[in-house]
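Q: Before we start, here is the structure in question, set down as structure tokens.
Here, each number is a calculation from the coordinates, and none is a lab measurement. Small disclaimer: the values here were computed from a predicted structure and weren't measured. Note that each Cβ is placed from the backbone with ideal geometry, even for glycine, and that neighbours are counted across all protein chains shown.
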Amino acid sequence: MNNLLAFDIETVPDIPSGRKLHDLEGVDDKDVAKIMRQYRLQSSGREWLPPYLHRIVAISVVRRNEDRFLVRSLGEADSKEGDLVRVFFDSVERYAPILITWNGGGFDLPVLHYRAMLHGVRAPRYWEIGERDLSYRYNNYLNRFHYRHIDLMDVLASWNRGSFAPLDGLARILGFPGKMGMAGSKVEEAWADGGIERIRAYCECDALNTWLIYLRFELMRGDLDHEGYRSECERVREFLKERSLEAKGGHFAEFLRKWEEHKEADPVWGPYSNEARPAAADGASPIESDPEADIPSAQAAGGDR
């Protein structure tokens, strides 16, 4: 596996923009956020602010490149938003990695677009669609159906909004830890209380869950076999063990502990897998050897549905 970047962002309401839009100079930050949500509720029926009204406070990444595996948050705890956005797009410009997200097309990337524009960040490679580099014509970051950016939530739902799954729910179903430390709805409160380190830890765990789901996706679509999948998971475990010993590694230790609790229930680690199934006679697949054995007729199944 080479040149892959799974990432997640955490955001809070963009208070300065809210003040500008609603003429709220002199109003307390909390009240500005409340008014922004009230306007949003009146216009859309929901309080969740649109991407252009979010401010990025953390960007966390999982980087997999050749023999290297790394989980980290970009910048420092006190980095300015513009610096975080610049580091992210500079990484895309320099390495051109495959980006892996959960709802990245619906939220993370649109937020990054708006914030890059606000801070004057250049990102020519990210926006390339084949006009300067022909290799991007049929595989770029912007096309929903290309694979230079893989939005796992979108792809697994067959690009059908009604089939979207939450990151936490699917991660836990697959035997991964799921969200840890806080809920996304608590990020704003943690930010107001000066809890940026907790936010960064939470964001790193979300990036890890996204990465682990990606590994299962790679197994499912045949780019990893079971041995390769287990090897990649062990690589993650070794990283977590090493980092859990550090002063700020408590969330890695907890992530590993929760993951180990569910390891035995994971069918990919158990005795049953595609590779463990007995072969059909003459090497044929079960369907080829008896094409009607396990397929009920339409009448038996209750007719066409």
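Q: Which of TYR138, TYR229, TYR202 moves the most in a Gaussian network model of the chain with Cα springs under 10 Å?
A: Maximum fluctuation in the GNM of the chain, among the listed residues, is at TYR138.
Q: Can you sort ARG172, ARG221 so the residue with the fewest Cβ neighbours within 10 Å comes first?
A: Least to most surrounded, the residues fall as ARG221, ARG172.
Q: Any idea how far the Cα center of the stretch 168-245 sits from the one of the stretch 130-144, in Å?
A: 29
Q: Using only the alpha-carbon atoms, how far is helix 196-220 inclined from the longest principal axis of the chain? Give it as 0 to 90 degrees, nearest 10.
A: Helix 196-220 sits at roughly 30 degrees to that axis.
Q: Please rank ASP90, ASP108, ASP31, ASP67, fewest neighbouring Cβ atoms within 10 Å first, as an exposure proxy.
A: Sorted ascending by nearby Cβ count, the order is ASP67, ASP31, ASP90, ASP108.
Q: Still on this structure, I have one more. Residue by residue, what Karplus-based ³J(HN,Hα) values in Hz, rounded to whole numbers, does the stretch 37-45 have, using 6.51, -1.76 and 1.60 with θ = phi - 60° and x for Gly and Pro?
A: My calculation for the stretch 37-45 gives 5, 5, 4, 5, 4, 5, 8, 10, x Hz in order.
Q: Report the charge-dipole magnitude of the chain in Debye, nearest 20, computed about the Cα centre from +1 at each Lys and Arg Cβ and -1 at each Asp and Glu Cβ.
A: Numbers: 41 positive and 51 negative charges, 179 e Å.
About 860 debye.
Q: So which lysines can LYS248 reach, going by Cα to Cα under 24 Å and dropping same-chain residues fewer than 8 places off?
A: The reachable lysines, counting only those whose Cα sits under 24 Å from LYS248, are LYS80, LYS179, LYS186, LYS258.
Q: Given only helices, namely DSSP H runs of n ≥ 4 each adding -39500 (n - 2.57), what is the per-residue ellipticity at 222 nm of the chain, to the nearest 500 deg cm²/dmol? Walk me through the intermediate numbers first.
A: On the way: 12 runs with 132 residues, N = 305.
Roughly -13000 deg cm²/dmol at 222 nm, from the helical runs in the chain.
Q: I need the phi-derived Karplus couplings for the stretch 126-131: 6.51 cos²θ - 1.76 cosθ + 1.60, θ = phi - 60°, integer Hz, Gly and Pro marked x.
A: Calculated HN-Hα couplings, in order: 4, 8, 5, 10, x, 6 Hz.
Q: Would the stretch 126-166 count as rounded, prolate or oblate if I go by the C-alpha gyration tensor, calling it rounded below 1.5 in a/c and otherwise prolate when a/b exceeds b/c, oblate otherwise?
A: Note, shape of the stretch 126-166 comes out prolate.
Q: Quick one: which residues, 5+ away or cross-chain, put their amide H under 5 Å from the amide H of ASN140? H built at 1.01 Å from N.
A: Long-range HN contacts for ASN140: TYR147, ARG148.
Q: Now for a separate question. Can you find, among LEU134, PRO124, HIS22, the residue sitting farthest towards the positive end of the charge dipole of the chain, where Lys and Arg contribute +1 and Asp and Glu -1 at Cβ?
A: Towards the positive end, the residue furthest out is HIS22.
Q: For ILE213, ILE15, what ranking results if the residue with the fewest other Cβ atoms within 10 Å of its Cβ goes first? Walk me through the numbers before you get to the answer.
A: Numbers: ILE213 22, ILE15 19.
So the ranking, lowest neighbour count to highest, is ILE15, ILE213.
Q: Now for a separate question. Decide, for the stretch 107-249, between rounded, prolate and oblate: order the square roots of the alpha carbon gyration tensor eigenvalues as a ≥ b ≥ c, take rounded if a/c falls under 1.5, and otherwise choose prolate if a/b is larger than b/c, else oblate. Don't skip to the answer; put the middle values down first.
A: Working: a/c = 1.65, a/b = 1.15, b/c = 1.44.
It comes out oblate by the Cα gyration axes.
Q: How big is the charge dipole of the stretch 1-134 about its Cα centre, in debye rounded to the nearest 20, if each Lys and Arg gets +1 on its Cβ and each Asp and Glu gets -1 on its Cβ?
A: Using only the charged Cβ atoms, the result is roughly 160 debye.
Q: Pop a pseudo-label 7 angstrom from the Cα along the beta-carbon direction at both PHE217 and TYR52 and give the gap in nm to one decimal.
A: Placing both labels 7 Å along Cα→Cβ, they lie 2.8 nm apart.
Q: Relative to a virtual label point 7 Å from the Cα of PHE164 in the Cα→beta-carbon direction, which members of the stretch 24-50 show backbone nitrogen distances below 14 Å?
A: 46-50
Q: Which residue, chosen from VAL62, THR11, GLY178, occupies the Cα position most advanced towards the positive end of the dipole of the chain, where the dipole is computed from +1 (Lys, Arg) and -1 (Asp, Glu) charges on Cβ about the Cα centre?
A: THR11
Q: Same structure, new question: Just the Kirkwood number for the chain, please: inverse of mean 1/r across all distinct Cα pairs, in Å, one decimal.
A: Over the chain, the inverse of the mean reciprocal pair distance is 21.7 Å.
Q: How many nm separate the modelled label positions at TYR138 and SER185, each set 7 Å beyond the Cα in the direction of the Cβ?
A: Using points 7 Å along Cα→Cβ, the separation is 4.6 nm.
Q: Give the angle, between 0 and 90 degrees and rounded to the nearest 10, that separates the Cα long axis of helix 109-119 from the longest principal axis of the Cα atoms of the chain.
A: Relative to the chain, helix 109-119 is tipped by roughly 30 degrees.
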